[in-house]
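Inspection log for the structure reproduced underneath, given as structure tokens.
The values are calculated or read from the model by the stated rules, or taken from the named source; none is laboratory data. Given the structure is predicted, the values throughout are model-derived calculations rather than measurements. Cβ placement follows ideal geometry from the backbone for every residue including glycine, while neighbour counts extend to all protein chains displayed.
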Amino acid sequence: MALDELSRHELHSKLRDALGEQAAATLMEYLPPVGWADVATKRDLDALAILTKRDLDGLEQRLRADFRSEINAAITSQTRTLMFTVLGSNLTMAGIAFTAGLLR
């Protein structure tokens with residue numbers, strides 16, 4: 001049976017007649033504003049926590065893999081640049097030394 005506003009009002013009226021206004025209002029406060037099918041249980045929350053943790057763990061793994069690949073690409077690029085720079089410097093120094101040896 002679906003719980004609608006009319007049935008909630010009728011229940012409150014009967015409770016007020018049987019228990020009094022204060023007790024009826026207190027009891028009605030403990031009822032959910034919607035049907036029980038829309039209320040989350042501890043089991044629902046535990047399942048959601050497990051799914052959320054799994055999603056976050058997967059996201060962490062993807063971020064780590066992306067970070068590692070970016071770092072490796074940057075290191076490879078910098079190493080290549082450094083090697084060409086050192087090679088160029090060595091060739092220049094060898095040329096200067098060779099020229100100095102010929103001029104002597």
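General observations
- When the test is whether a residue is more than 22 Å from the chain's Cα centre (by Cα) and hydroxyl-bearing (Ser, Thr, Tyr), THR81 passes it.
- Checking ALA40 against (1) surrounded by 10 or more Cβ atoms within 10 Å (Cβ to Cβ); (2) closer than 30 Å to HIS12 by Cα, the condition it does not meet: (1)
- Set LEU63, LEU82, LEU102: member being part of a helix (DSSP H, G or I), at pLDDT 95 or above and aliphatic (A, V, I, L, M): LEU63
- Which listed residue, of LEU48, LEU87, LEU91, LEU103, is surrounded by fewer than 10 Cβ atoms within 10 Å (Cβ to Cβ) and not assigned by TED's automatic domain parsing to the domain that holds SER7: LEU103
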